[in-house]
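A.B. asks: Got a structure for you, written out below as structure tokens; questions coming shortly.
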Amino acid sequence: MLDRPGRRAAGEGRMSSIALACRINGRAVHLDVAPTRRLADVLRHDLGLIGTKIGCDAGDCGACTVLIDGRQSCACLTAVAQVGGAEIVTVEGLADGALQRAFARHGAAQCGICTPGMLMAASDLLARNKQPSETEVMDGLAGVLCRCTGYRKIVAAVLDVANDASAVEPAVGAAVGARLARVDGVAKLNGAEIFGADQAPTDALWLRAIRSPHAHARFAIGSLTTLLRKHPGLVRVFSAADVPGSNRFGIYPTLKDQPVFAEGRARFRGEAIAALVGDRATIAALRDDELPIVWEALPAISGIAAALAPGAPAIHDNVADNVLVRGRVESGDVDRAMADAPVVVEGAWSTGFVEHAYIEPEAGYAQRVGERMEIFACTQTPYMDRDEIALVLGLKPEAVRIVPSAVGGGFGGKLDISIQPLLAVAAWHLNRPVRGVYHRPESMQSTTKRHPAEMRARLAADRQGCLIGFEFSGDFNTGAYASWGPTVASRVPVHAHGPYFVPHARCLSRAIYTNDTPAGAFRGFGVPQAAIAHEALMDEAALALGIDLLEFRHINALRAGQRTTCGQLLEHSAGLARCLEALRPRWQALRAEAAALNRTGGTTRRGVGVGCMWYGIGNTSLSNPSTMRVAIDGAGRITLYNGAVDIGQGSYTIMPQICADALGLPVALIHQVTGDTDLTEDAGKTSASRQTFVSGRAAQLAGEDLRRQILRLAKAGTQARLALDGAALIVSDGAETRRVDLARLKPDNRGDVLVGRGNFDPPTRPLDEKGQGVPYATYGFAAQIAAVDVDIELGTVKPSLIVAAHDVGRAINPTLVEGQIHGGIAQGLGLALMEEYVPGRTENLHDYLIPTFGDVPEIEVILIEDREPLGPFGAKGIGEPALIPTAPAILGAIRDATGARIRRVPALPHRVLAAIKAARGK
């Protein structure tokens with residue numbers, strides 16, 4: 001039995017209680033509860049109203065927003081003693097009406113973790129103002145944060161409630177390209193979606209990790225006998241000695257350097273050294289300083305320079321120089337090109353840690369079932385999780401089952417296992433379910449970040465504006481453990497010169513160990529950092545040559561028929577030039593508007609910048625397969641077994657669209673089984689913008705395979721039309737109609753009578769010692785324009801417009817594609833202007849700032865469809881490409897407005913002011 005309806009966890013209720021009487025969702029409620037308990041906790045754990053989400057427990061994110069006597073309130077900040085006699089409404093109590101339909105129509109819910117809070121805030125606003133302005137919508141919903149959408153779809157949905165247009169199902173064969181509402185959207189809109197913290201078996205114990213308060217320290221754990229006697233609700237304390245298999249995990253088969261529990265030495269602040277397991281109240285109340293732990297703080301190596309300094313201590317004994325891995329791409333004779341070039345520009349740039357800041361902290365539960373382990377948790381990569389947990393427990397992979405919960409944002413941060421091995425070790429030993437939920441500071445302390453980078457680059461061009469050479473060196477702080485550091489180091493050199501034809505190039509990278517928080521995958525694998533450098537140099541070269549910035553990029557844009565610096569021939573789908581052509585009219589108009597505004601004087605200067613990008617879809621020069629299966633049973637039910645985890649990007653919607661068109665039946669007939677490693681094939685990880693391209697192609701092949709089998713049974717031609725009539729398939733082939741009685745076909749052990757399978761592994765070729773090869777089968781291309789207003793006295797920067805042109809190959813679902821672009825732009829804006837994680841200082845959503853409604857400007861999206869023959873119906877990926885050009889465009893706009901060249905990102909006001917002074921020679 002799962003603990004969703006209100007069942008108080010063991011050990012609760014020890015405090016003196018009050019008799020609480022109120023109305024919740026129109027029903028009288030009477031409870032005996034401790035007066036200081038948070039309303040959010042009571043709603044979720046006592047009443048089973050899991051639609052009220054908890055993202056911070058501090059009133060920062062607004063995911064817990066409910067209505068109290070008609071006004072929006074943060075349930076995580078409200079003590080239940082304050083709501084006696086109140087009328088409370090949660091998302092479960094909202095009428096299923098026009099607001100939810102508008103959210104569905106506009107794609108305003110992506111991952112869905114913030115959606116209940118957004119709906120409650122919007123309900124409050126619309127009850128008081130039925131026709132709000134855009135500004136009033138933004139103000140009314142400003143208390144709720146979203147990390148996925150970029151807010152623009154949410155604003156559009158609230159403004160469009162009165163329209164209440166009905167959705168139209170696409171015709172057979174027209175699902176691809178249709179603005180289909182998310183198939184998982186209803187659960188996101190009514191509070192029924194199950195995230196990692198939303199369910200567990202009723203007898204589950206709770207787990208809390210004990211973490212290092214030091215960036216580097218030795219430690220010893222003493223006898224636990226006294227602690228266990230003092231706290232009867234504490235069942236056991238786990239540490240490294242309790243790991244039954246390998247106390248090491250990691251992304252790569254030959255690089256397992258991170259322990260489940262540190263073994264006598266902690267290498268970063270927030271590293272797990274032990275875990276408490278017991279009843280909820282005991283685990284929550286027990287203080288860390290009650291544990292018999294002796295700490296010896298050691299000097300910590302923070303930052304790249306310290307790690308590379310002569311004589312620096314080794315973070316890991318087997319890596320003496322702290323250089324985890326190197327990457328290299330070299331073509332032509334770059335030294336000669338630089339020496340002979342009439343124009344050479346150069347510079348250095350640095351970036352800091354960036355936090356994923358997904359609104360859902362890591363959460364889930366584990367349970368032992370005989371000699372198997374089952375884990376329900378948030379993840380981007382169930383099969384990788386399965387294999388890692390098997391190593392930790394000393395089991396075969398088939399003995400581990402991963403069932404992904406709904407994922408409340410990932411962006412790469414939920415590719416690494418986090419809470420899963422802690423839960424698995426405890427559940428294995430105790431033979432009892434164990435659940436856990438990270439609190440916000442814990443999530444931010446212990447999970448991976450975007451890599452800080454130290455970069456230098458030079459660019460050479462001839463007098464006609466053609467690039468001749470490019471040189472790049474970048475060091476990336478991978479923190480205490482490898483995580484995705486090798487992927488960053490291998491991907492960056494491929495992309496470092498930007499989406500341009502460069503005959504001579506040398507691009508080098510290193511991933512560096514430090515005692516900082518581990519850095520891993522975050523929407524771009526180092527390419528956003530490199531883009532800041534190459535786009536700044538493109539601006540400098542264009543200015544030196546007196547060529548328009550957009551036209552300079554158009555001259556040099558990579559085109560089909562040209563070779564990359566890896567020697568790869570781009571045969572198809574290289575749409576950067578088309579993106580720039582689409583932007584040209586807006587570029588010219590916006591620059592004219594900025595010039596006119598700046599002539600008026602005052603303290604505000606407007607600037608317009610442009611940024612371009614390219615991004616290889618999928619793994620770098622590695623096998624990257626996906627397998628999909630679609631089946632029909634004897635009753636006529638069609639099921640797509642879809643292992644491509646949806647973290648908000650829409651894979652649970654677009655895979656049925658693709659499969660339905662390949663099969664030739666209405667998309668509404670496609671049911672799904674998703675994610676579960678016991679039930680679905682391995683579709684690979686949800687990262688590197690690969691699911692649409694790779695798994696989408698596999699879904700297309702599976703649909704085509706099933707269609708071929710049906711046509712063969714019916715002895716029909718390839719152009720025949722299919723229809724489903726209950727348990728029979730109707731096959732119309734010209735003037736003939738044939739009926740296939742599915743109930744008469746022999747079922748397999750799953751009950752399926754026909755099964756179509758599709759497998760796709762994009763063709764790549766390993767890179768040699770100079771980085772020559774075929775790292776990716778296809779690339780996404782994009783260009784964005786940013787218009788910003790800079791206060792030259794305060795140093796503040798306010799973006800006013802982003803215009804984004806993206807070559808997506810084919811937009812399987814334009815609404816979802818636009819949503820990905822909006823969300824990526826918001827994160828790119830954060831990278832450019834405000835986001836900087838500092839261990840020990842910015843470990844909550846109050847001190848660590850992410851963009852809000854008021855920060856994200858108007859966004860115009862232009863979809864360029866330069867079709868990729870390898871992709872499903874011509875499609876490529878969009879997740880990472882959406883973010884990469886935004887920061888360079890904004891930084892270029894700051895320079896255009898003020899002359900300030902930003903070398904340290906983010907461009908915080910004091911850095912902008914310093915750069916303005918430097919530009920003025922002060």
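The values are calculated or read from the model by the stated rules, or taken from the named source; none is laboratory data. Predicted model only: the values in this text are computed from it and were never measured. Backbone-built Cβ (ideal geometry, glycine too); neighbour counts: all protein chains shown.
A.B. asks: Among the listed residues Val319, Val345, identify the single one that is in contact (Cβ under 8 Å) with a residue 12 or more places away in the chain and either buried (at least 23 other Cβ atoms within 10 Å of the Cβ) or part of a loop (DSSP other than H, G, I, E, B) (or both).
C.D. replies: Val319
A.B. asks: From the list Val790, Val803, Val774, exactly one residue is of a type outside the set (Asp, Glu) and closer than 14 Å to Gly824 by Cα. Which is it?
C.D. replies: Criteria check complete, one pass: Val803.
A.B. asks: Those residues that are basic (Lys, Arg) and in contact with a His (Cβ under 9 Å, 6 or more places away or on another chain), I need them from segment 229-262; list them, please.
C.D. replies: Arg236
A.B. asks: Here's something else I'd like to know. So is Leu543 surrounded by fewer than 23 Cβ atoms within 10 Å (Cβ to Cβ), of a type in the set (A, V, I, L, M) and over 29 Å from Gln258 (Cβ atoms) or not?
C.D. replies: Yes.
A.B. asks: If you check Tyr438 against the conditions, is it in contact with a helix residue (DSSP H, G or I) (Cβ under 7 Å, 6 or more places away or on another chain) and hydroxyl-bearing (Ser, Thr, Tyr)?
C.D. replies: For Tyr438, the condition - in contact with a helix residue (DSSP H, G or I) (Cβ under 7 Å, 6 or more places away or on another chain) and hydroxyl-bearing (Ser, Thr, Tyr) - is not met.
A.B. asks: Also: Quick one: is Ser239 among the hydroxyl-bearing types (Ser, Thr, Tyr), surrounded by fewer than 18 Cβ atoms within 10 Å (Cβ to Cβ) and not assigned by TED's automatic domain parsing to the domain that holds Leu722?
C.D. replies: no
A.B. asks: Here's another thing I want to ask about it. Does segment 198-209 contain at least one residue that is surrounded by fewer than 20 Cβ atoms within 10 Å (Cβ to Cβ), over 30 Å from the mean Cα position of the chain (by Cα) and at pLDDT 95 or above?
C.D. replies: Yes; the residues of segment 198-209 include at least one that is surrounded by fewer than 20 Cβ atoms within 10 Å (Cβ to Cβ), over 30 Å from the mean Cα position of the chain (by Cα) and at pLDDT 95 or above.
A.B. asks: Moving on to the next point. Would you check if there is a residue in segment 863-873 being among the charged types (D, E, K, R), part of a strand (DSSP E or B) and either over 23 Å from the mean Cα position of the chain (by Cα) or closer than 16 Å to Gln529 by Cβ (or both)?
C.D. replies: No, the conditions are met nowhere in segment 863-873.
A.B. asks: Can you confirm whether segment 344-363 contains a residue that is more than 18 Å from the chain's Cα centre (by Cα), within 30 Å of Glu836 (Cβ to Cβ) and β-branched (Val, Ile, Thr)?
C.D. replies: yes
A.B. asks: Could you run through segment 742-755 and say how many residues are loosely packed, with under 11 Cβ neighbours inside 10 Å, under 45 Å from the mean Cα position of the chain (by Cα) and at pLDDT 95 or above?
C.D. replies: 1
A.B. asks: Checking Ile359 against (1) outside any strand (DSSP E or B); (2) surrounded by fewer than 24 Cβ atoms within 10 Å (Cβ to Cβ), which test does it fail?
C.D. replies: (2)
Here's the yes/no breakdown for (1) over 26 Å from the mean Cα position of the chain (by Cα); (2) more than 30 Å from Leu722 (Cα to Cα):
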| residue | (1), (2) |
| --- | --- |
| Gly117 | no, yes |
| Leu141 | no, yes |
| Arg152 | no, yes |
| Ala162 | yes, yes |
| Arg182 | no, no |
| Ala187 | no, yes |
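A.B. asks: Here is a further query. Asn515 is checked against (1) out of contact with any strand residue (DSSP E or B) (no Cβ under 7 Å at 6 or more places or on another chain); (2) closer than 18 Å to Ser687 by Cβ and fails just one. What number does that condition carry?
C.D. replies: So Asn515 meets the others, but not (2).
For every residue, the table says whether it meets (1) within 17 Å of Pro452 (Cα to Cα); (2) surrounded by fewer than 18 Cβ atoms within 10 Å (Cβ to Cβ).
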| position | (1), (2) |
| --- | --- |
| Glu836 | yes, no |
| Gly854 | no, yes |
| Pro872 | no, no |
| Gly877 | no, no |
| Gly892 | no, no |
| Ala897 | no, no |
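A.B. asks: Go through segment 794-828 residue by residue and tally those that are closer than 30 Å to Val183 by Cβ and not in a loop (DSSP other than H, G, I, E, B).
C.D. replies: Going through segment 794-828 one residue at a time, the tally reaches 20.
A.B. asks: Also: Within segment 466-488, identify whether any single residue is more than 29 Å from Val277 (Cβ to Cβ), surrounded by 24 or more Cβ atoms within 10 Å (Cβ to Cβ) and aliphatic (A, V, I, L, M), and answer yes or no.
C.D. replies: yes
A.B. asks: Hey, which of the strands (runs of 3 or more DSSP E) in segment 613-703, taking only ones fully inside, have at least 3 residues that are more than 22 Å from the chain's Cα centre (by Cα) and of a type outside the set (Ser, Thr, Tyr)?
C.D. replies: 626-633, 670-674
A.B. asks: Here's a follow-up. Consider Ile221 carefully, then state whether it is over 30 Å from Ala109 (Cα atoms) and among the β-branched types (Val, Ile, Thr).
C.D. replies: Here the answer is yes, as Ile221 does meet what is asked.
A.B. asks: Of the residues Arg44, Arg101, Arg37, only one is among the charged types (D, E, K, R) and in contact with a helix residue (DSSP H, G or I) (Cβ under 6 Å, 6 or more places away or on another chain); which?
C.D. replies: Exactly one residue qualifies, and that residue is Arg37.
A.B. asks: Please enumerate the residues belonging to segment 104-133 that are in contact with a helix residue (DSSP H, G or I) (Cβ under 8 Å, 6 or more places away or on another chain), surrounded by fewer than 23 Cβ atoms within 10 Å (Cβ to Cβ) and not in a helix (DSSP H, G or I).
C.D. replies: Asn129, Pro132
A.B. asks: So in segment 370-385, with the set limited to residues that are buried (at least 23 other Cβ atoms within 10 Å of the Cβ) and over 17 Å from Ser483 (Cα atoms), which one is farthest from the chain's Cα centre (by Cα)?
C.D. replies: Met373
A.B. asks: Output the residues belonging to segment 780-798 that are more than 19 Å from Ala582 (Cα to Cα) and either aliphatic (A, V, I, L, M) or buried (at least 24 other Cβ atoms within 10 Å of the Cβ) (or both).
C.D. replies: If the condition is that a residue be more than 19 Å from Ala582 (Cα to Cα) and either aliphatic (A, V, I, L, M) or buried (at least 24 other Cβ atoms within 10 Å of the Cβ) (or both), then Val788, Val790, Ile792, Leu794, Val797 are the ones that fit.
A.B. asks: Condition test on Leu576, is it touching a strand residue (DSSP E or B) at 6+ places or on another chain (Cβ under 7 Å) and of a type outside the set (S, T, N, Q)?
C.D. replies: In short, yes.
A.B. asks: Tell me, which residue of segment 64-103 that is in a strand (DSSP E or B) and within 30 Å of the chain's Cα centre (by Cα) is farthest from Val33 (Cα to Cα)?
C.D. replies: Looking at residues that are in a strand (DSSP E or B) and within 30 Å of the chain's Cα centre (by Cα), I get Gln72.
A.B. asks: Within segment 71-91, how many residues turn out to be of a type outside the set (Val, Ile, Thr) and within 28 Å of Cys148 (Cβ to Cβ)?
C.D. replies: 7
A.B. asks: Considering segment 180-192 alone, what residues qualify as being in a loop (DSSP other than H, G, I, E, B), crowded, with 24+ Cβ neighbours inside 10 Å and not charged (D, E, K, R)?
C.D. replies: Selection gives Leu180 alone.
A.B. asks: Scanning for something part of a strand (DSSP E or B) and under 26 Å from the mean Cα position of the chain (by Cα), does segment 301-315 turn up at least one residue?
C.D. replies: no
A.B. asks: Inside segment 436-555, counting only helices (runs of 4 or more DSSP H) that do not spill past its ends, which hold 3 or more residues that are among the aliphatic types (A, V, I, L, M) and assigned by TED's automatic domain parsing to the domain that holds Glu835?
C.D. replies: Result: 527-545.
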